[in-house]
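The values are calculated or read from the model by the stated rules, or taken from the named source; none is laboratory data. Small disclaimer: the values here were computed from a predicted structure and weren't measured. Note that each Cβ is placed from the backbone with ideal geometry, even for glycine, and that neighbours are counted across all protein chains shown.
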Amino acid sequence: MKLFTIIYTFVTEHYVYSKQIIRFIVLFLMLSVSTTLFAQDTYPFKYPDTIQKTRLYTTIGAITTAYVSGLSYLKFVWYKDHKRVPFHWYNDAGGYLQMDKGGHAYSAYFESAVGYRSLRKAGVSKNKALWYGGSLGLVFQTPIEIFDGMYEGWGFSWSDMAANTFGATLFTAQEALFDKQIVTMKFSYSPSPYPKLHKHLGTTPMESFFLDYNAHTYWLSANIYSIYHSNKIPPWLNIAFGYSANGMIYEFDNPKYYNGKPFPHLERYRQFLFSLDIDFTKIPTRKKWVKSLFYALNMIKIPFPTFEYNRVNGLVFHPIYF
C-alpha cells in the first residue's frame, strides 16, 4: 500500500510527464504477469492445442481489469483538474528528437507480446491470438491519445499513434510470418549530466529515469542465428541497432535563461548506434527462476562495446555502452 501511495503521489505531481511514467509502470506490471506465465517454458514457447478455460478466464479478467483501471485513472485522476475542450490535434512529431516515439513503440511491442502469448498459453488459436492479443499494444495506447485530444494542454498525436502501430505490428507480423521474434525491441538507460543543469529533467535519480530522454536508448536487436543458421554462430548472439539523442531540455528547444542567468548552449543531436547483444530466451536452463530472470532481461539491451555515429562528433567508439 505504501508503494502504491508513493507511485500515485509521484505520477500526480508530475502529470505533464505521466505518459512516460505510466508506460513504465504498465510495462512493469505486465512483465510481472508474463514472467509467471512463461517461466516454465524455454523459447520457443509451447502452447496447448485446446482451450484451457481457467487460464483463459484469468487472462481475460487480468487484461480487462488493467484496461478498465487505466481508463478510470485517465478519466477520474489524470484529467480531473483540466478543462474539457473540443477534440483537437497536436503535432509533436519533432518533440525530443523522436525519443518519445521510441517509448511508445517499445511499450506497444511488449503489450502486444504479453497479450498474444497469454492467449496462446490459454489454448487460443494462433489467428485469434494475433487479432485479439497482438492488437493489445494499440488497445492500451489509443485511449491515451483520444483523451489527450479532449483536454486542454494536450492533443491527439498522429505521430504517437504511428509509433504505437509500429511497435504492435513489429511483434504481430513476426509471429504471423515466422512464429518467433527475430527482431526484438529493447531499452537501455545511462544517466546523463543534464538534470544537474535544469530541474525540468528531474531532481532525483528516480525522476530523471522517467523524465530525461537524453538517458534513454531504444534498440532493435536481431538474432543472428535466426537469420543465418551456422554452427559457428551461438544461438543467443544478436546484433543491435540503437537510437538515442542528446542535448535536450524541453520538448522542442532549450531555455535561453534559467534562474535569472543565461543557460549554456546545448547542441541537440541524434545518435545512431551499432552493437552486439544477447537473446536470453535462447540460453537453455532448467531452473524456473533463471527462466523468469532471462525472460525479464530480454527487454533490456545488455552493455557491450558500441559504435556510435552523430553529426557533432562523427564516429565514436564506446568500450562499453549502457
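Only strands (runs of 3 or more DSSP E) whose full extent lies in region 251-322 are considered here, and the ones with at least 2 residues that are in contact with a Gly (Cβ under 9 Å, 6 or more places away or on another chain) and not basic (K, R) are 269-278, 304-310. For region 219-229, the criterion of being within 19 Å of the chain's Cα centre (by Cα), surrounded by 20 or more Cβ atoms within 10 Å (Cβ to Cβ) and in a helix (DSSP H, G or I) is met by none of the residues. Among residues of region 145-180 being in contact (Cβ under 8 Å) with a residue 40 or more places away in the chain and of a type in the set (S, T, N, Q), the one that is surrounded by the most Cβ atoms within 10 Å (Cβ to Cβ) is N164. Within region 84-139, the residues that satisfy the criterion of being part of a loop (DSSP other than H, G, I, E, B) and polar (S, T, N, Q) are N91, S125, S135.
Residues in region 111-139 that are under 20 Å from Y218 (Cα atoms) and either buried (at least 24 other Cβ atoms within 10 Å of the Cβ) or touching a strand residue (DSSP E or B) at 6+ places or on another chain (Cβ under 7 Å) (or both): E111, S112, A113, V114, G137.
For region 249-264, the criterion of being under 24 Å from A105 (Cβ atoms) and touching a Phe, Trp or Tyr at 6+ places or on another chain (Cβ under 7 Å) is satisfied by at least one residue. Does any residue of region 199-207 turn out to be outside the structural domain of L71 (by TED's automatic domain parsing), over 21 Å from the mean Cα position of the chain (by Cα), crowded, with 16+ Cβ neighbours inside 10 Å and modelled with pLDDT of 95 or more? Within region 199-207 (the criterion being outside the structural domain of L71 (by TED's automatic domain parsing), over 21 Å from the mean Cα position of the chain (by Cα), crowded, with 16+ Cβ neighbours inside 10 Å and modelled with pLDDT of 95 or more), the answer is no, since none of the residues qualifies. Quick one: in region 238-253, which of the residues that are hydrophobic (A, V, I, L, M, F, W, C) and over 15 Å from W219 (Cα atoms) is surrounded by the most Cβ atoms within 10 Å (Cβ to Cβ)? Checking each candidate, the answer is M248.
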